[in-house]
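Down below is the structure, laid out as structure tokens.
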């Protein structure tokens with residue numbers, strides 16, 4: 001009995017001391033639960049009058065609804081020269097970027113582009129002090145505006161496209177002069193483009209007109225797609241080569257006996273952004289980067305089927321692919337082969 005009495009007294013003392021501890025804790029950290037229940041929700045933030053929720057929602061190419069063709073998608077890109085020269089989207093020189101990243105995108109063979117840039121300085125009576133095609137640098141002497149220009153040419157999205165930047169060859173960089181000269185180069189190349197189109201049209205008119213060809217997308221097993229063309233293999237092979245060249249594809253390899261074109265294709269609907277390359281890698285701008293981006297390389301394979309030809313797409317490992325990019329590539333070829 002004495003032991004039970006002592007245990008009961010001890011337990012009572014512990015409970016009372018615990019209550020005292022909770023009271024002490026309330027003094028250090030006060031209970032605000034009643035105040036919290038009385039708190040009111042703040043009103044939503046007002047959107048400034050020059051903004052709207054519609055402007056805040058970015059439009060990503062891959063998420064846009066509709067059935068826009070490849071050419072229509074490219075035509076939506078900003079091109080200050082389009083209205084002046086009626087430049088078609090697949091071969092247009094165009095100004096792009098802002099600030100220090102402002103540049104001119106020039107389609108065509110890099111050697112031809114380089115020579116035309118040299119001709120531009122000659123036409124402006126501005127002497128070229130030094131030039132090096134290997135690294136794409138060209139410096140001028142000081143001209144009548146007391147300013148020396150540095151032109152830097154880099155590889156674009158494919159080997160058939162170059163990016164040209166203009167800056168000062170000296171220390172004092174003048175953004176306004178750089179922009180003005182970049183636009184003069186764009187205007188000069190735009191004029192040459194018009195001359196090229198006249199020559200191309202004359203050549204086209206001199207050749208026999210090709211009959212309209214049927215090119216139909218068909219669904220095969222495992223969600224695979226193929227393009228069935230109502231033309232024999234030799235004609236489709238030649239036309240495919242011309243299309244790839246006119247669209248600026250980098251044809252890395254081709255084998256007529258196997259019916260394949262191995263191409264570097266940059267899907268315009270691809271949302272992934274690549275990290276900017278370092279200055280050293282930019283100097284080697286004509287370097288083959290197949291190992292860096294295997295998802296950008298595809299085999300376009302032609303299969304003879306009597307008087308018709310079937311076209312399928314293989315990935316870099318020569319495996320049949322049903323990716324969205326492969327389907328868009330077939331749609332592009334359908335669009336062009338149906339003309």
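Here, each number is a calculation from the coordinates, and none is a lab measurement. The shown structure was predicted, so the numbers you read here are calculated from the model rather than taken from an experiment. Glycine gets a Cβ as well: all are built from the backbone with ideal geometry, and neighbour counts include every protein chain shown.
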| request: Report the extension gain between residue 116 and residue 171 in nm, rounded to one decimal, defined as 0.36 nm multiplied by the number of residues separating them, less their alpha carbon distance. | output: 17.1 nm
| request: Along Cα→Cβ, 7 Å out, is where each label goes; now give me the distance between the ones at residue 319 and residue 295 in nm to one decimal. | output: 1.5 nm
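So if R0 is 51 Å, what FRET efficiency would residue 242 and residue 129 give, r being the distance between their Cβ atoms, rounded to the nearest 0.05? List each step's numbers first, then the result.
On the way: r = 40 Å, r/R0 = 0.79.
Computed FRET efficiency for residue 242 and residue 129: 0.80.
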| query | So how far apart, in nm, are the two label points at residue 308 and residue 109 if each is 7 Å from Cα heading toward Cβ? | reply | 3.8 nm
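Any chance you could run the full-extension gain for residue 255 through residue 331? It's 0.36 nm times the residue separation minus the Cα-Cα distance, nm to one decimal.
25.1 nm
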| task | Sort 319-327, 296-304, 233-241 for me by packing, meaning the mean count of neighbouring Cβ atoms within 10 Å per residue, highest on top. | result | 296-304, 233-241, 319-327
